[in-house]
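Structure first, commentary second.
The values are calculated or read from the model by the stated rules, or taken from the named source; none is laboratory data. Everything numeric in this text was worked out from a predicted model, so none of it was measured. Note that each Cβ is placed from the backbone with ideal geometry, even for glycine, and that neighbours are counted across all protein chains shown.
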Amino acid sequence: MFKRVKPYVGEYKKYTIWATILMCIGIIANVAPYFLIYQIIAPLTRGEHIDASFILLRVILVAVCEIIFSVSYVKGLEFSHISAYNTLKNLRVSLKAKLEKQPLGNINELGTGRIKKVFTDDIDQIELLLAHAIPEGIANIAIPILIIVLMFVFDWRLGLLSLVPLVIGMFAMGMMMKSGMEKMNAYYESAAKMNNTIIEYVNGMEVVKVFNKDGDSYKRFGDTVRSYRDFTLDWYKVCWPWMAIYASVLPCLVLLMLPFGSLMVLGGTIALDKMVLVFCMSFAVGPSVLKALNFAGKFPQLDYKIAELEKMMEHPPLKEGTAGFQGKNLDVEFKNVHFGYEDAEVLHGVNLSLKQGTTTALVGESGSGKSTLAKLLVHYYDLNSGSISIGGQGITDMSLQALNDQVAFVSQEQFLFNTTLYENILIGKPSAKKEEVFEAAKRAQCNEFLERFPDGIETQAGDGGKQLSGGERQRISLARAILKNAPIIVLDEATAFMDPENEEKMNAALDEIVKDKTVLVIAHRLSTIRNADKICVMKEGNCIAADTHDKLLEVCPEYKKLWDASVSASTWKVREA
């Protein structure tokens with residue numbers, strides 16, 4: 001486990017070392033008063049006279065020891081936390097960098113709840129290991145071991161008696177850890193499932209209320225929470241008896257020394273002052289050992305968390321080249337493309353060509369593979385087999401930056417950051433001037449709703465863009481694409497949230513944007529793409545036909561069926577009473 005953490009500690013390793021040294025000094029200073037107390041008690045047991053100055057000096061030394069303990073221990077904790085939090089920072093930065101290179105499909109499969117738990121809860125738990133368990137654990141176990149050795153030097157019989165409670169306590173701790181490990185995986189899986197369910201429940205609250213699904217939704221929510229509760233209680237019930245044994249027995253090193261040591265004193269086989277010395281030493285050992293072993297119970301949990309982090313990082317990164325764009329032109333070619341989610345293949349050898357400066361539309365029933373095909377062009381996922389190229393250059397041969405410079409993607413679900421609308425549009429081209437941003441907003445028909453806001457384009461979007469309607473968020477995302485001005489544009493239901501009044505304006509804006517561009521568009525309303533240069537009909541992961549609208553009506557029954565359904569839907573209206 002320490003090897004797993006080591007790469008992220010880096011230059012801050014020295015702080016951990018100094019923290020351990022300072023804490024060892026603190027522990028020595030904390031146990032020294034027991035020896036000073038022995039120096040006062042021992043002469044009294046022998047009937048010797050001691051001066052008040054002798055006692056006063058020991059009292060002063062006890063105070064000095066406590067000051068040394070407080071200063072060194074606090075300073076040690078300061079150093080350990082400097083190391084710990086910088087290590088957590090390095091860990092989060094490393095994890096972020098690796099996640100950024102993962103296919104979005106893998107990230108979506110993890111779920112926002114699990115990612116949040118890993119990035120915050122699980123990584124924060126590692127702070128306990130770095131800031132406390134390592135330096136405090138080492139200090140609290142090293143010094144007691146030294147004291148136990150000294151106990152054996154003074155009297156090996158009392159030393160052996162002092163070990164019995166330690167052995168019993170450590171056995172109980174071992175049994176607790178063994179029992180807990182068997183249930184740990186189920187516990188953490190339950191916790192991850194609960195996090196995902198809670199986030200889904202909160203995000204879907206509107207749908208739940210509108211469709212009166214409170215009972216079903218809350219039942220699922222309640223089931224996952226109760227499942228987590230049951231796993232937690234089941235785990236604790238197994239651990240609690242062993243925990244009680246080691247917590248009560250382990251600190252009591254005098255458990256056997258007191259009766260047997262007393263008999264040895266009465267029998268004359270050991271001097272009373274020597275037994276008092278060993279007694280004082282045992283009082284110094286118990287609390288430190290208990291504190292050290294309390295950290296031991298955390299190591300399996302922390303080991304699991306670090307393993308989960310590494311498991312997340314182990315996914316193969318998205319295949320990416322280092323070359324810039326070197327294509328001969330902007331023709332896009334899908335060649336024998338196979339792709340699937342986990343074990344289910346959803347695209348079965350798709351072949352499709354998009355000529356530069358033309359518009360190609362993808363149509364088909366839901367689940368036919370339209371959106372998947374579009375996302376593959378912007379390299380959201382790696383192919384199972386086949387290739388996608390731009391101007392003859394494979395998209396996996398160029399860097400993601402080079403690919404992103406060539407392709408703009410506007411989906412039906414766009415996320416806005418909780419910053420100004422201006423900053424949200426600027427994402428499309430961070431180096432753009434203000435005039436360019438304003439022009440992009442104007443061309444995307446954003447001015448109409450921006451004028452409603454007192455702060456205009458400087459208005460805060462809110463969490464996820466909640467200050468705007470769905471159609472308004474769509475136009476902001478479209479403004480991003482306009483500002484980016486990429487030569488290839490992918491539109492996935494770009495007008496999905498448009499109301500009838502604004503759809504005409506949006507279509508006019510889209511016509512202007514896609515002019516002289518290579519365009520791949522997905523639309524369920526076929527009337528919006530009837531003039532496309534090519535229409536590809538998708539069915540069950542296959543491209544079954546690709547031609548113009550008029551020709552497809554003649555030769556493709558599947559397209560004619562879709563067209564007739566679209567025409568029928570466009571004439572639908574509420575029947576008058």
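Inspection of region 268-285 identifies at least one residue that is at negative phi, aliphatic (A, V, I, L, M), at pLDDT 75 or above and outside any helix (DSSP H, G or I). Among the residues making up region 380-402, those that are closer than 20 Å to A481 by Cβ, under 27 Å from the mean Cα position of the chain (by Cα) and either at pLDDT 90 or above or not aliphatic (A, V, I, L, M) (or both) are Y380, Q401.
The residues of region 310-324 that are in contact with a Ser or Thr (Cβ under 9 Å, 6 or more places away or on another chain) and surrounded by 17 or more Cβ atoms within 10 Å (Cβ to Cβ), listed by number, are L318, E320.
Answer yes or no as to whether L416 is surrounded by fewer than 21 Cβ atoms within 10 Å (Cβ to Cβ), in the same structural domain as S527 (by TED's automatic domain parsing), aliphatic (A, V, I, L, M) and under 28 Å from the mean Cα position of the chain (by Cα). No, not satisfied. For T20, state whether it is within 17 Å of the chain's Cα centre (by Cα), at pLDDT 85 or above and assigned to a helix (DSSP H, G or I). Against the criterion (within 17 Å of the chain's Cα centre (by Cα), at pLDDT 85 or above and assigned to a helix (DSSP H, G or I)), T20 does not qualify.
Exactly one residue out of K14, K6 is within 30 Å of S94 (Cα to Cα) and either outside the structural domain of S282 (by TED's automatic domain parsing) or touching a Phe, Trp or Tyr at 6+ places or on another chain (Cβ under 9 Å) (or both), and it is K14.
Selection of first residues in region 259-275 that are within 14 Å of L160 (Cβ to Cβ) and of second residues that are exposed (fewer than 11 other Cβ atoms within 10 Å of the Cβ) and of a type in the set (K, R), restricted to Cβ pairs under 7 Å at least 6 apart or on distinct chains, gives an empty result. Within region 382-425, how many residues turn out to be under 23 Å from T322 (Cβ atoms) and aromatic (F, W, Y)? Of the residues in that region, 1 qualify. Taking the conditions exactly as written (in a helix (DSSP H, G or I) and either surrounded by fewer than 17 Cβ atoms within 10 Å (Cβ to Cβ) or within 36 Å of the chain's Cα centre (by Cα) (or both)), does V74 satisfy them or not? Answer is yes for this residue.
In summary, helices (runs of 4 or more DSSP H) completely within region 93-158 and bearing 1 or more residues that are hydrophobic (A, V, I, L, M, F, W, C) and touching a Phe, Trp or Tyr at 6+ places or on another chain (Cβ under 6 Å) occur at 104-110.
The single residue among K534, K517, K539 that is in contact with a Pro (Cβ under 8 Å, 6 or more places away or on another chain) and in contact (Cβ under 8 Å) with a residue 24 or more places away in the chain turns out to be K517.
All of N185, N195 fail the test of being modelled with pLDDT under 75, over 26 Å from L290 (Cα atoms), in contact with a Lys or Arg (Cβ under 8 Å, 6 or more places away or on another chain) and not basic (K, R), apart from N195.
In region 372-393, the residue that is surrounded by the most Cβ atoms within 10 Å (Cβ to Cβ) out of those that are without any contact (Cβ under 8 Å) to a residue 60 or more places away in the chain and in a strand (DSSP E or B) is I388. Within the option set L421, L426, L403, being buried (at least 20 other Cβ atoms within 10 Å of the Cβ), farther than 20 Å from G471 by Cα and not polar (S, T, N, Q) holds for one residue only, L403.
Within region 522-546, how many residues are acidic (D, E) and closer than 19 Å to N336 by Cα? Lay out the reasoning, then the answer.
Initially, region 522-546 is screened for residues acidic (D, E), giving 533, 540.
Now restrict to residues that are closer than 19 Å to N336 by Cα: 540.
Total satisfying the criteria: 1.
One residue alone among V225, V208, V238 is modelled with pLDDT under 70, among the β-branched types (V, I, T) and either assigned to a helix (DSSP H, G or I) or over 30 Å from L277 (Cα atoms) (or both), and that residue is V208. Just one of the numbered conditions (1) farther than 24 Å from N404 by Cβ; (2) of a type in the set (K, R); (3) at pLDDT below 85 is not true of R452: (3). Sort out which residues of region 333-380 are closer than 23 Å to N404 by Cβ and among the polar types (S, T, N, Q), and write them in order of number. Hits for region 333-380 are S353, Q356, T358, T359, T360, S371, T372.
Cβ-Cβ distances below 8 Å connect the following pairs, each with a first residue in region 221-241 that is among the charged types (D, E, K, R), a second residue that is assigned to a helix (DSSP H, G or I), and a separation of six or more residues or different chains: D234/K183.
Residues in region 392-442 that are in contact with a Leu (Cβ under 6 Å, 6 or more places away or on another chain) and small (G, A, S): G428, A432, A440.
Note on region 422-457: among residues that are part of a helix (DSSP H, G or I) and small (G, A, S), the one that is farthest from Q412 (Cα to Cα) is G456. The residue pairs whose first member lies in region 316-340 and is in contact (Cβ under 8 Å) with a residue 40 or more places away in the chain, whose second member is of a type in the set (K, R) and in a loop (DSSP other than H, G, I, E, B), and whose beta carbons are closer than 6 Å, counting only pairs six or more residues apart or on different chains, are P317/K101; L318/K101; D331/K355. Within region 120-133, residues that are not assigned by TED's automatic domain parsing to the domain that holds K89 and of a type in the set (A, V, I, L, M) have Cβ atoms under 9 Å from residues that are surrounded by 22 or more Cβ atoms within 10 Å (Cβ to Cβ) and assigned to a helix (DSSP H, G or I) in no pair, counting only partners at least 6 apart in sequence or on another chain.
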